[in-house]
1. If you wrap a convex hull around the alpha carbons of chain B, what volume per residue comes out, as a whole number of Å³?
2. Quantify how strongly other chains surround peptide A:449-455 by giving the mean number of their Cβ atoms within 10 Å of each of its Cβ atoms.
3. Once you compute Rg and the Kirkwood Rh from C-alpha atoms, what is the Rg to Rh ratio for region A:242-361?
4. Based on the mean of other Cβ atoms within 10 Å per residue, sort peptides A:455-461, B:131-137 so the most packed one is first.
5. Among A:TRP354, A:TRP142, what's the order by accessible area (1.4 angstrom probe), most exposed first?
6. Take peptide A:434-440, look around each residue's Cβ out to 10 angstrom, count Cβ atoms belonging to other protein chains, and average those counts.
7. If each of A:VAL237 and A:PHE292 carries a label point 7 Å out from its Cα toward its Cβ, how far apart are those two points in nm?
8. On a 1.4 Å probe surface of the protein chains, which of B:TYR12, B:TYR63 comes out largest in accessible area, and what is the full order?
Amino acid sequence: MKNPKTRDISNFRHTHPVTIIRNMWKLVFALLIPVARGLWTAMSRESFRDWLSTAYFDILVLLIVVGVACLRWHEQLFRMDEKGLLIQTGLIRKKNFFIENNNISTLISDRPLHLRIIGAVRLTGDTNAAAGRNADFDITVWKKDAEIVFDKRCELYGCEDEEKKTYKPHSLYLALFSALLSNSLTGALLISTFLSQSGAILGRQLEGMFMQGLSDISQVLAGWVPPILTFLAVIIVIGWLIAFVQNLLRYMLFSASRIKKALSLDLGILAKRTYFMLTDKINYIDIRQGMFTKLFRISTTYIYCAGYGKDGGTSPVLIPSSSRGETLSALKTLCPERKICPRKIKPGKFRNIWGFVWLPALLLAGDALLGIAMSRILPRWGAAINFAALMFSSPCVWMFAVKIMDFFSAGVGREGDEFTLYYSSAFSLHTVLIAKSKITEIQIQQSIFKRRANRCKLIVHSYSEKRKAHTLRNMYIPDVREIFGLNAF
Amino acid sequence: MEFKHADIKLLYMWWTLLFLCMLLVCAAVSIALELFKPPWIAAVAACLVLFCFIFSIYLPKRYKSFRYAVGNKEVVVRRGVFVRNTSYLPRGNIQLVTRTSTFHERIFRLSTVIVYTAGKAGYLPGLSEENAEKIVNLLSGFDKTEDL
């Protein structure tokens, strides 16, 4: 990085010219009419002069669209100084958009391959203000300008004052994290999009070849399992593999660095990304485990800060899969202000376990009863019904096991103004590290069945752009009031 | 910190709304009796039992269970008959406080104060207009008194 003092963007600058294409993209529907009409004319084999005489209006529209996109790019300016980032946009209605430096929770530099070739960088940023699914600002700038913006932020938040502490996970852990994160459905969707797009361009042969290949594989593999199930299994495996490769490319070369008041994360091979987060804007840290990862004492740590993990498909990961010891040491390096506090309140005696396992237990019982009833009503379909019941029972058993683990590990810990919440949601076990200042609501929910035991469902809402709740079951109300310092009714 | 009930007019408003709903139910029942000829005694008895339950047990319980307090550290709201919810909203994280009145609330001169924190909102319904104004001023920082 060059010395930021030698370069300055406190005067207005233009964004990258690739913005013209982005601007045109929004008006692409206007281009559809001229293209369709041109095609129709070409197909009717008229002369160029005849075509021009009919298409002159369409060409005019096309020129206007390109002209407006160019003008919009020309009018889009930005500058950054010690106070903040100012973006000026608008052709007819001018819009000045200013965000104070201290309010930008996350600044993201996105450098996919196609932008890297033309020396462009997509800069996005987010604040704690609710903005739905989009970033608060999104501009494409020259690489050198993006570097200055990042240098300025580094300068402001103590990059040079203290030594940079960096954490780089082992490649094996990155592969494990990508494997755990991979979803067959995402891969299957990617295949279907690829096939439909390639089908539109190259014809239907590729799609036919793919489907034939799949059917051949499923016929080879089919033994006692029906061919349709083998076919589905092959689709799931291929989908998972594609999602795995996609995730691996996204998170490869992951590194997290702590500077005085900020965290900087770098990730990706083909599409490189850098996230610059202010530590006081981090809402909470979530150490997540599944049933098997808990048994093998492996966890994945996520960090929740407005802007990180918002862009398509990225998870807000801080420490990809790692052992307990490595997680603790990495957390000490990256977020020393967050502490893992031992549990001070727990769900209590073993008789309270029903409050945790009732849902999977009822689902299992319902599945078994439905399976028996259906196979008696439709005896010819007995084998298929038993198979379906067995398939449905496996996630229920999984959830049952997770809830039992949750019963033995749930609770709340506190050290000063730092809280640790231990709970489960669906198939994951969470350890949430949150500061008192980031708690926006504490809700004590008590049904009529819990009144005698004076127990409750504790819901802790945390600071975020949208609603985020952490739910702990079967907590003793006086203990909850004591640990959070709440007034009694 | 003193815990308060909502204005008693809130219960009157709920009762009025219940009567209006019952009028609609009666109209629907009479049409059903005319068209489908169900056992009319059972239908009328079910409606009557439901009405009596809501009027004499559910709504007074709901009114009684609703309590709120505005302290110097937090705003506390308790509500719920079957499932009791107690919400503690830290005052330091309050982003915005607004006051709204629906059409039927305006008839009874009542207001609802909505306390927004980041990503969550707390509702204080059935407040008299003066009380609502006082809470809005207190939570917005215009009134320097710490407790209500």
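The values are calculated or read from the model by the stated rules, or taken from the named source; none is laboratory data. Every value quoted in this text rests on a predicted model; they were computed, and no experiment measured them. A quick note on method: Cβ atoms are made from the backbone with ideal geometry, for glycine too, and the neighbour counts reach across all protein chains shown. Each accessible area value is taken on the protein alone, full model and side chains, heavy atoms only, with ligands, DNA and RNA left out. Shrake-Rupley method; radii C 1.70, N 1.55, O 1.52, S 1.80 Å.
1. 126
2. Counting other chains' Cβ atoms within 10 Å and averaging over A:449-455 gives 1.
3. Rounded to two decimals, Rg/Rh equals 1.04.
4. A:455-461, B:131-137
5. Of A:TRP354, A:TRP142, the descending order of accessible area is A:TRP354, A:TRP142.
6. Other-chain Cβ atoms within 10 Å of each residue's Cβ, averaged: 4.
7. Once both label points are built, they end up 1.5 nm from each other.
8. B:TYR12, B:TYR63
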